[in-house]
Amino acid sequence: MISKKVRELFSSLMEAGDGSSVSYDMETEQYTGYFNESVVNKFIGEGAIELVHNDDGMICLILNNREDFLSGFASGVNEARLGRDQYYADYNASPFAFSIGYEHFLYMNKKPKLLIGYICHGFINDATDEVYTQ
């Protein structure tokens, strides 16, 4: 099981965009926002993310192996949407990202009103029925 703080960090990266507390620059692939510094430092140490800069709490970072992470996250969201078990993470290139996507989907479905107009990587856009990807 993924801790709430870890899930919140990585799901905030997947929600990055207009109207979000996290911005994403497509040219540099950098995420900027206010993140839990202890969680960020943990994942810098593990090599999952790289710190670009920290300006008084405004943190800019890069997600290492971003494409694999995005794919794993979206797969986790999809498997949870289909009602399948989380053990499918074992077959994914990024089991960690899969698990975060899976648990994030379950968390968001506990509060269905939050899903109206919700934009997050791997979630279905309710207006177009297409899966949102960044």
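The values are calculated or read from the model by the stated rules, or taken from the named source; none is laboratory data. Being a predicted model, the structure only gives us computed values, none of them experimental. Neighbour counts run over all protein chains shown; Cβ positions are idealised from the backbone, glycine included. Side chains included, ligands, DNA and RNA excluded: accessible areas come from the protein's heavy atoms. Shrake-Rupley method; radii C 1.70, N 1.55, O 1.52, S 1.80 Å.
Odds and ends about this structure:
- Those aspartates and glutamates that a straight Cα-Cα span of less than 13 Å connects to K5, excepting residues fewer than 8 apart in one chain: E37, E103
- Radius of gyration over Kirkwood radius for segment 75-127, both on Cα atoms: the Rg/Rh ratio is 0.98.
- Comparing S20, M1, F123 along the charge dipole axis of the chain, the residue lying farthest to the positive side is M1, per the Cβ-charge model.
- On Cα atoms only, tilt of 95-109 relative to the major axis of the chain in degrees: 60 degrees
- Volume of the convex hull of segment 1-67 (Cα atoms only), normalised per residue: 96 Å³.
- Probe 1.4 Å, protein heavy atoms only - accessible area per residue of the chain in square angstrom: 58 Å²
- Across the alpha-carbon set of segment 1-120, the Rg to Rh ratio works out to 0.96, Rh being the Kirkwood radius.
- Loop-resident sites, segment 7-80, for GluC sites (Glu not before Pro), counting at most 14 other Cβ within 10 Å (DSSP): E27, E29, E46
- Residue-wise HN-Hα couplings along segment 73-88, as the Karplus relation 6.51 cos²θ - 1.76 cosθ + 1.60 with θ = phi - 60° gives them from phi, are 4, 5, 5, x, 4, 5, 5, 5, 4, 7, x, 7, 7, 6, 5, 4 Hz; Gly and Pro carry x.
- Surface composition of segment 33-104: carbon and sulfur make up 45 percent of the accessible area, probe 1.4 Å.
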